[in-house]
1. Tell me which of these T117 doesn't satisfy, since it passes every other one: (1) closer than 15 Å to I15 by Cα; (2) assigned to a loop (DSSP other than H, G, I, E, B).
2. Report the residue count in segment 185-201 for those that are in a loop (DSSP other than H, G, I, E, B), of a type in the set (A, V, I, L, M, F, W, C) and either modelled with pLDDT of 95 or more or within 9 Å of P24 (Cβ to Cβ) (or both).
3. Which of the residues spanning segment 32-64 are among the aromatic types (F, W, Y) and at pLDDT 95 or above?
4. Looking at the structure I just gave you, is S94 out of contact with any strand residue (DSSP E or B) (no Cβ under 8 Å at 6 or more places or on another chain) and closer than 28 Å to L199 by Cα?
5. Take L182 and tell me if it is part of a helix (DSSP H, G or I), surrounded by 13 or more Cβ atoms within 10 Å (Cβ to Cβ), modelled with pLDDT of 90 or more and not charged (D, E, K, R).
6. Report the residue count in segment 46-69 for those that are under 22 Å from G16 (Cβ atoms) and either in a strand (DSSP E or B) or in contact with a Phe, Trp or Tyr (Cβ under 9 Å, 6 or more places away or on another chain) (or both).
7. Would you be able to say whether some residue in segment 70-87 is outside any loop (DSSP other than H, G, I, E, B), closer than 26 Å to R173 by Cβ, without any contact (Cβ under 8 Å) to a residue 12 or more places away in the chain and more than 13 Å from the chain's Cα centre (by Cα)?
Amino acid sequence: DIVRVSTLRVMNMRIGILGGTFDPVHNGHIYLAEKACAKLRLDKIIFIPSYLPPHKKGVKVTSARHRFNMLKLAISGNKKFRISGMEIKRKGRSYSVETLRRLRKRYGAAAELFFITGSDSLKELDKWKNLNEILRLCKFVVVGRPGFKAKRIPAGFIYLKINAKDISATNIRNRIKTGRSLAGIVPQKTADCIYKNKLYI
């Protein structure tokens, strides 16, 4: 009976998926995940750092090992947060459809997968690999950015209004280069990791 109940629980899980470069992860990511978890009543959120983001060709990215470790430290205090290295292990360009196929296979047809992305990504949806399959594999959740109008959300998508913290990874990297504080912007454990490994200098 215990096994049956446990299996049923896994089948019916509501799982959030938050992918990204996380270069570096910052408090905006954590805040968004916490709010999404509450609003969507998620059992857990899986953070999935990409090995090479498909839509950022030619952009220099910090090593996958460092980005994974920074993210792992950042989410360590939340029991609902998990991290997966599946895209890093796969190497090459990280395509969402391939990741979702693996997650669907792992959690089964009954689990609800919520793919969370920012509203700015809507501008590039036509470039996404196998978009129709992505929409069959999961529920597509769009988080509004400042100034975004909800009426632009495609039919069938879930719109999540979150007063997201206006934090930019580019700004963080510039702050580090110029010796400015990361207090309140980056989780302390992540900041310690950045300084220890002399990243973004």
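The values are calculated or read from the model by the stated rules, or taken from the named source; none is laboratory data. Computed from a prediction, not measured in an experiment: that's the story for all the values here. Cβ sites come from the backbone with ideal geometry, for glycine too, and all protein chains shown count toward neighbours.
1. (2)
2. Looking only at segment 185-201, we keep the residues that are in a loop (DSSP other than H, G, I, E, B), and these are 185-187, 197-201.
Still in the running and of a type in the set (A, V, I, L, M, F, W, C): 185-186, 199, 201.
In the following step, the residues that additionally are either modelled with pLDDT of 95 or more or within 9 Å of P24 (Cβ to Cβ) (or both) were identified as 185-186, 199.
Total meeting the criteria: 3.
3. Hit for segment 32-64 is F47, nothing else.
4. Numbers: out of contact with any strand residue (DSSP E or B) (no Cβ under 8 Å at 6 or more places or on another chain): no; closer than 28 Å to L199 by Cα: yes.
Criteria not met by S94.
5. On the way: part of a helix (DSSP H, G or I): no; surrounded by 13 or more Cβ atoms within 10 Å (Cβ to Cβ): yes; modelled with pLDDT of 90 or more: yes; not charged (D, E, K, R): yes.
No, not satisfied.
6. Of segment 46-69, the ones under 22 Å from G16 (Cβ atoms) are 46-51, 53-55, 64, 67-69.
Next cut, either in a strand (DSSP E or B) or in contact with a Phe, Trp or Tyr (Cβ under 9 Å, 6 or more places away or on another chain) (or both) only: 46-50, 54-55, 64, 67-68.
Selection size over segment 46-69: 10.
7. The answer is no; no qualifying residue exists.
Okay, residues lined up against (1) modelled with pLDDT under 95; (2) surrounded by fewer than 15 Cβ atoms within 10 Å (Cβ to Cβ); (3) farther than 30 Å from D126 by Cβ; (4) in contact with an Asp or Glu (Cβ under 9 Å, 6 or more places away or on another chain):
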{"site": "V5", "(1), (2), (3), (4)": "yes, yes, yes, no"}
{"site": "D23", "(1), (2), (3), (4)": "no, no, no, no"}
{"site": "H26", "(1), (2), (3), (4)": "no, no, no, no"}
{"site": "K72", "(1), (2), (3), (4)": "no, no, yes, no"}
{"site": "K91", "(1), (2), (3), (4)": "yes, yes, no, no"}
{"site": "L103", "(1), (2), (3), (4)": "no, no, no, no"}
